[in-house]
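The values are calculated or read from the model by the stated rules, or taken from the named source; none is laboratory data. Just so you know, these numbers come straight off a predicted model, no measurement behind them. Here the Cβ positions follow ideal geometry from the backbone for every residue, glycine too, while neighbour counts run over all protein chains shown.
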Amino acid sequence: MPDQTERLTPDNALLLLVDVQGKLARLMHESEAMIGQQAIMIEACRILDVPIIWAEQLPEKLGPTVPELSEKLDGLQPMAKSSFGCCDDPAIMQAIADSNRCQIMLIGIETHVCVWQTAAALRDQEYSVHLICDAVSSRARFNRDIAFRRMQSAGVHLSNVEMALFELMIDAKHARFRDVTRLLK
């Protein structure tokens, strides 16, 4: 099992985007800020060559991923699922396994349902899970906050966009430092 103090590394990290779709995404607590942080995370991961897996919950019913994010995912394809957690979908789990990455950075909605179930199942499979707290939400802040506590007690590392990105770069001399920090301004 990974060390609980484990820091993110660009060779081991993967970004998993969970279900930021349609009207539901707009109903989240502080949705505009959350989507903005998700967009930064996606752009930065693309700059840093960190792979991204993009999940959508029943897109035929909930609609597509919000345009602010889908436009930043050009060239990638969403993976449709019906299960709440991503790990109950064999295709998504195969994509995670094929990445050969053991650190999963989670962003998406809803924190207390799909994100929580994904985090719990990934922990059960001994992945190092890093919840990017300013890039997840639920309709009610209370539900989001309960999920934070439950995930932390399950061994999920709580992080945020800026913390994760600086952790991935390690040093101000990183070749893409200026490109990434430009996103944070």
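Brief remarks on what is shown
- Any hit, segment 163-174, residues being of a type outside the set (Lys, Arg), under 29 Å from residue 22 (Cβ atoms), in contact with a helix residue (DSSP H, G or I) (Cβ under 7 Å, 6 or more places away or on another chain) and not in a helix (DSSP H, G or I): no
- For beta carbons closer than 6 Å, sequence separation of 6+ or different chains, a first residue in segment 94-107 that is part of a helix (DSSP H, G or I) and a second that is crowded, with 18+ Cβ neighbours inside 10 Å and not β-branched (Val, Ile, Thr), the qualifying pairs are 99/14.
- Criterion (part of a loop (DSSP other than H, G, I, E, B), touching a strand residue (DSSP E or B) at 6+ places or on another chain (Cβ under 9 Å) and farther than 16 Å from residue 136 by Cβ) met by exactly one of 60, 6: 6
- Criterion violated by residue 130 - all others in (1) part of a strand (DSSP E or B); (2) closer than 16 Å to residue 19 by Cβ satisfied: (2)
- When residue 81 is tested against (1) of a type outside the set (A, V, I, L, M); (2) farther than 16 Å from residue 133 by Cα; (3) in contact with a Lys or Arg (Cβ under 7 Å, 6 or more places away or on another chain), only condition (3) is not met.
- When 154, 147 are checked against the criterion of being buried (at least 23 other Cβ atoms within 10 Å of the Cβ) and of a type in the set (A, V, I, L, M), 147 stands alone in meeting it.
- Test set (1) farther than 23 Å from residue 46 by Cβ; (2) basic (Lys, Arg); (3) part of a helix (DSSP H, G or I) - residue 139 fails condition number: (3)
- Of all residue pairs spaced 6 or more apart or on separate chains, those with beta-carbon atoms under 7 Å, a first member in segment 142-170 that is among the aromatic types (Phe, Trp, Tyr) and a second member that is surrounded by fewer than 20 Cβ atoms within 10 Å (Cβ to Cβ) are 148/158.
- Candidates 34, 28, 41 - the one that is part of a helix (DSSP H, G or I), of a type in the set (A, V, I, L, M, F, W, C) and touching a Ser or Thr at 6+ places or on another chain (Cβ under 9 Å): 34
- Test: residue 73 is buried (at least 19 other Cβ atoms within 10 Å of the Cβ), under 14 Å from the mean Cα position of the chain (by Cα) and either on the phi > 0 side of the Ramachandran plot or not β-branched (Val, Ile, Thr) (or both): no
- Some residue of segment 103-120 being over 21 Å from residue 138 (Cα atoms) and modelled with pLDDT of 95 or more: yes
- Residue in segment 65-85 that is touching a residue at least 60 places away in the same chain (Cβ under 8 Å) and outside any loop (DSSP other than H, G, I, E, B) present: no
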